[in-house]
Amino acid sequence: MGAGLGVVDGMEDRFQREINYLRVSVTDRCNLRCLYCMPAEGVPAAPREEILTLEEIARVVRASTRAGVRKVRLTGGEPLVRRGIERLVYAIARIPEIDDLALTTNGLLLPSMAAPLKEAGLRRVNISLDSLRPDRYAYITRGGDLKTAWQGVEKALELGLHPVKLNAVVVRGFNDDEILDLARLTLERPLHVRFIELMPFGHAAAIFAGGYVPAAAIKAQIESEFGPLQEVRKLKGSGPARYYRAAGAAGTIGFISAVGDHICRRCNRLRLTASGSLRPCLFGEHEIDLKALLRRGAGDEELAALIARAIKEKPPAGHIRSHRPAREKAMSQLGG
């Protein structure tokens, strides 16, 4: 490895957080138009030549392992609309240092794609599911089909893509009356339902004031129905979420409280946008252009050094702590 970084077991930022997780947006395109994510007409997609190729993404992931990255999550937009996604999964799964490879999806393309993804090396999935009512699901997603999304959940369970996590962004007046129904999914089946606080980010900033429901209030409502929840300390790919289990339940209930509990202090991740920018903080505005390095022929050592610099430049917290809405990109453009 010469005088370079070599391969390290992990790298701490200036605030003693071990940064070992890279979220990779493989596309800024999506087949849904969720109300809290983007306007009905969508957001402008980057020209295809501005999007990283699958080979370039794999190179960044490989280089990132020299800076301590061990976990990778593929996101979008909707990652399953990216052609050749199975090839990317195959390439990343065969990087020896990567010990966890997951994917976040809305599930609509999962029924047909789950098997080849699993065969390629995908370990587990998170599926966005904000409602269990077909008409409401269609309304929130602007046209999504709940039956198809649920078939994606079933296929993930069938293939053993565990833990199968369901992500529900709770918005007052939209789906906050379904909290208990979503929590009940964990009682009989090994599903892990995560309730996510609405964040004042991108398009959601316009509805944040009236739509925000604190995770503490969600948890209190669940406990009023199911009794005290027992904390679960270890769940694969836990990240900033906190997990609990209702008495006798097969699955777990998680809470991601970016606003109410300031998850920044537990953050362990970097984000790579589809257009090749490395973002140390979701809620910050600083980005490092890796695409320019890739396309001028930079080697893995040079890429790794820049990734290591991004870790050292990671701030203690972004604007989320002041509830100040982000001004720039939509969540679909950043990979969440």
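Tabulated data for the structure shown
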read-out	value
Subset of region 61-86 [part of a loop (DSSP other than H, G, I, E, B) and either surrounded by fewer than 20 Cβ atoms within 10 Å (Cβ to Cβ) or not small (Gly, Ala, Ser) (or both)]	Val69, Arg70, Glu78, Arg82, Arg83, Gly84
Residue under evaluation Val89, criteria (1) outside any helix (DSSP H, G or I); (2) at pLDDT 95 or above; (3) of a type outside the set (D, E, K, R); (4) surrounded by 24 or more Cβ atoms within 10 Å (Cβ to Cβ), criterion not met	(1)
Residues of region 272-304 classified as part of a helix (DSSP H, G or I) and either among the acidic types (Asp, Glu) or buried (at least 17 other Cβ atoms within 10 Å of the Cβ) (or both), total	9
Residue tally, condition outside any strand (DSSP E or B) and more than 17 Å from Gly239 (Cα to Cα), over region 163-198	21
Candidate set: region 49-60, residues that are assigned to a helix (DSSP H, G or I) and either acidic (Asp, Glu) or in contact (Cβ under 8 Å) with a residue 60 or more places away in the chain (or both); chosen: the one farthest from Ala308 (Cα to Cα)	Glu49
Lone qualifier among Leu109, Leu22 - being closer than 21 Å to Cys267 by Cβ and at pLDDT 95 or above	Leu22
Leading residue by the ranking (modelled with the highest pLDDT) among those in region 241-270 that are closer than 16 Å to Glu12 by Cα and under 13 Å from the mean Cα position of the chain (by Cα)	Leu270
Per-region count, region 213-240, residues under 16 Å from the mean Cα position of the chain (by Cα) and either farther than 29 Å from Glu313 by Cβ or free of Cβ contacts under 8 Å to residues at least 24 places away in the same chain (or both)	2
Output for region 244-270, where each listed residue is part of a strand (DSSP E or B) and closer than 14 Å to Leu282 by Cα	Arg269, Leu270
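The values are calculated or read from the model by the stated rules, or taken from the named source; none is laboratory data. None of these values were measured; they are calculated from a predicted model. Counting neighbours? That spans all protein chains shown, and the Cβs are built from the backbone with ideal geometry, glycine included.
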